[in-house]
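Before any comments, here is the structure.
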Amino acid sequence: MVRVVGIDHLVIRVSDFDKSKAFYDKLFKFLGFEVLDEYADAIGWTNGKTRYWIGPADAEGRARGYRIGDIGFHHYAFELRSRKDVDDLEAFLKREGVRIVDPADEYYDDYYAVFFLDPDGLKLEGMKWGERQAKAEAAKKKAKKSKK
């Protein structure tokens, strides 16, 4: 049986390549990514696990633009190390003047995230799930060991 072992890369089309390149370059430097490769019509960043590419949309795509709710891309989530990283990302986004659509908060049980938009309105997310549960389990294990 064939098994998927991960997502190799994501490629999105953008309306203004230079504007989006500048936006993603700042974001990815903050998130610890480096430029993987760059061509006249595409650039990709990687952190060694995830690869994210952008390229220019064609004339029809630029004229139509992107709207949340269309068929296709809804949002892309970057899993971060900690809730503190989510807060640090939100602070970075505010400094950069990025539009935050849902501020850092608990959106589901033990799911902490911030949601924001790229220059074309594509929704992105920085999130951390399971941190409180992991800390509670670690405290239980520690308590058990100290009772022995």
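The values are calculated or read from the model by the stated rules, or taken from the named source; none is laboratory data. Please read these numbers as outputs of a predicted model, since none were measured by experiment. Backbone-built Cβ (ideal geometry, glycine too); neighbour counts: all protein chains shown. In case anyone asks, the SASA skips ligands and DNA or RNA and just uses the protein heavy atoms, side chains included. Shrake-Rupley method; radii C 1.70, N 1.55, O 1.52, S 1.80 Å.
Below are the figures for this structure:
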| read-out | value |
| --- | --- |
| Order of exposure, largest accessible area first, which applies to 99, 51 with probe 1.4 Å | 99, 51 |
| Cα Rg, Dmax, the stretch 83-138, angstrom units | 12.3, 42 |
| 14 Å beta-carbon shell around residue 34, net charge (K/R +1, D/E -1) | +1 |
| Reachable lysines from residue 49, criterion Cα separation under 30 angstrom, eight or more residues apart if same chain | 19, 21, 26, 29, 84, 94, 123, 128, 135 |
| Heavy atoms of residue 9: accessible area, 1.4 Å probe, square angstrom to 10 | 100 |
| Per-residue SASA entry for residue 7, accessible area with 1.4 Å probe, Å² rounded to 10 | 140 |
| Mean ellipticity per residue at 222 nm, deg cm²/dmol - from DSSP H runs of n ≥ 4 across the chain, formula -39500 (n - 2.57) | -11000 deg cm²/dmol |
| The chain - percent of accessible surface contributed by carbon and sulfur, probe 1.4 Å | 52 |
| Cβ-based charge dipole, the chain, positive-most Cα from 39, 139, 101 | 139 |
| 79, 90, 125, reordered so the largest accessible area comes first (probe 1.4 Å) | 79, 90, 125 |
| Where the stretch 30-148 is the region considered: accessible area per residue in Å², 1.4 Å probe | 66 |
| Projected-area mean, the chain, by convex hull of Cα positions, square nanometres | 12.9 |
| J(HN,Hα) series, the stretch 120-127, from Karplus relation 6.51 cos²θ - 1.76 cosθ + 1.60, nearest Hz, glycine and proline x | 8, x, 5, 7, 10, 9, x, 9 |
| Unit charges on C-beta of K, R, D, E only; dipole of the chain, Debye | 1320 |
